[in-house]
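Remarks on the structure that follows.
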Amino acid sequence: MGNDTALIIFSRLPIGHETKTRLAPILNETQRSELHLAMWRDIFSEALKLIYTNIYLCWTGSGDIADYQKYIPSSFILMKQEGNNLGERMKNALRDIFADGYKRAVIIGADIPSVRAENILRAFDSLNDSDAVIGLSSDGGYWLIGMRKYIPEVFSLSSWGNSSVLNETVKTLSRQGVSYCKAETLDDIDTPEDINDFMSVEGNERTHTYKYITKSLPHKKRGRSY
């Protein structure tokens, strides 16, 4: 890969009352902010292994990004999210990326601490043979979407955040005559159940996220539930 390749990390700012609100039953605002920062550390460290890829942090939130720059690698390019919903924000980000001359671009979320650089590299490699790639999530959505040309129609779904997102996206790709392939299944962390699932997977104990959850919820260890 060369510098015509872009990885775009979509993220809220780690502001406690805005991030991971579905975890409020088990984590207070300070803890949710700290968990978010732990997930940043995980995803950022993996992204930095992609040495021939430009990394964008595409952010949203009520705060000032300058207040969080000490947590963000200096090599990352900052981009503010624009749009009224997730689909519009992803569409606009990719519009700008391809307008800047990139040949391949992949979007991932910042809340997938189990992702490894190899997962992302395989997604980029798949774009040698396909126009698009989708990383599956077990909740019916996707954790990654990438393309080698701008396909705005993919982001025109009527709703987001439900179990039909993946199927509707695949149908749209097919209607557009776009070749695509599927990447492996990974999941984000949104709910207490997601934490249970994450903590039960062997290998995740090496992540900052796992260590933070263990510290904040000491009764939560691999193989144990709430």
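Structural remarks
- For Leu127: the one exception among (1) buried (at least 18 other Cβ atoms within 10 Å of the Cβ); (2) touching a His at 6+ places or on another chain (Cβ under 7 Å); (3) farther than 16 Å from Trp143 by Cβ: (2)
- Exactly one residue out of Ile8, Ile15, Ile51 is touching a Phe, Trp or Tyr at 6+ places or on another chain (Cβ under 8 Å) and aliphatic (A, V, I, L, M): that is Ile8.
- Taken across segment 12-21, residues that are surrounded by fewer than 15 Cβ atoms within 10 Å (Cβ to Cβ) and either under 23 Å from Gly87 (Cα atoms) or of a type outside the set (Phe, Trp, Tyr) (or both) do occur, with at least one present.
- Of note, Thr19 does not satisfy the criterion of being part of a helix (DSSP H, G or I), β-branched (Val, Ile, Thr) and within 30 Å of Pro218 (Cα to Cα).
Here is a yes/no grid of residues against (1) over 30 Å from Lys215 (Cβ atoms); (2) out of contact with any helix residue (DSSP H, G or I) (no Cβ under 7 Å at 6 or more places or on another chain); (3) among the hydroxyl-bearing types (Ser, Thr, Tyr); (4) at pLDDT 95 or above:
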| position | (1), (2), (3), (4) |
| --- | --- |
| Ala93 | yes, yes, no, yes |
| Gly109 | no, yes, no, yes |
| Ala117 | no, no, no, yes |
| Leu127 | yes, yes, no, yes |
| Tyr150 | yes, no, yes, yes |
| Ser156 | yes, no, yes, no |
| Thr169 | yes, no, yes, no |
| Ser174 | yes, yes, yes, no |
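- Of the residues making up segment 38-87, those that are in a helix (DSSP H, G or I), farther than 16 Å from Ile108 by Cα and among the aliphatic types (A, V, I, L, M) are Ala38, Ile65, Ala66.
- Asp111 falls short on exactly one of the conditions (1) surrounded by fewer than 17 Cβ atoms within 10 Å (Cβ to Cβ); (2) part of a loop (DSSP other than H, G, I, E, B); (3) of a type in the set (Asp, Glu), and that condition is (1).
- Test for Ile189: is it modelled with pLDDT of 95 or more, among the β-branched types (Val, Ile, Thr), part of a helix (DSSP H, G or I) and touching a helix residue (DSSP H, G or I) at 6+ places or on another chain (Cβ under 7 Å): no
- Thr209 satisfies every condition listed in (1) modelled with pLDDT of 95 or more; (2) out of contact with any Asp or Glu (no Cβ under 7 Å at 6 or more places or on another chain); (3) farther than 28 Å from Leu127 by Cα; (4) of a type outside the set (Phe, Trp, Tyr) except (2).
The values are calculated or read from the model by the stated rules, or taken from the named source; none is laboratory data. These numbers come from a predicted model, not from an experiment. With ideal geometry, Cβ positions are generated from the backbone for all residues, glycine too; neighbour counts draw on all protein chains shown.
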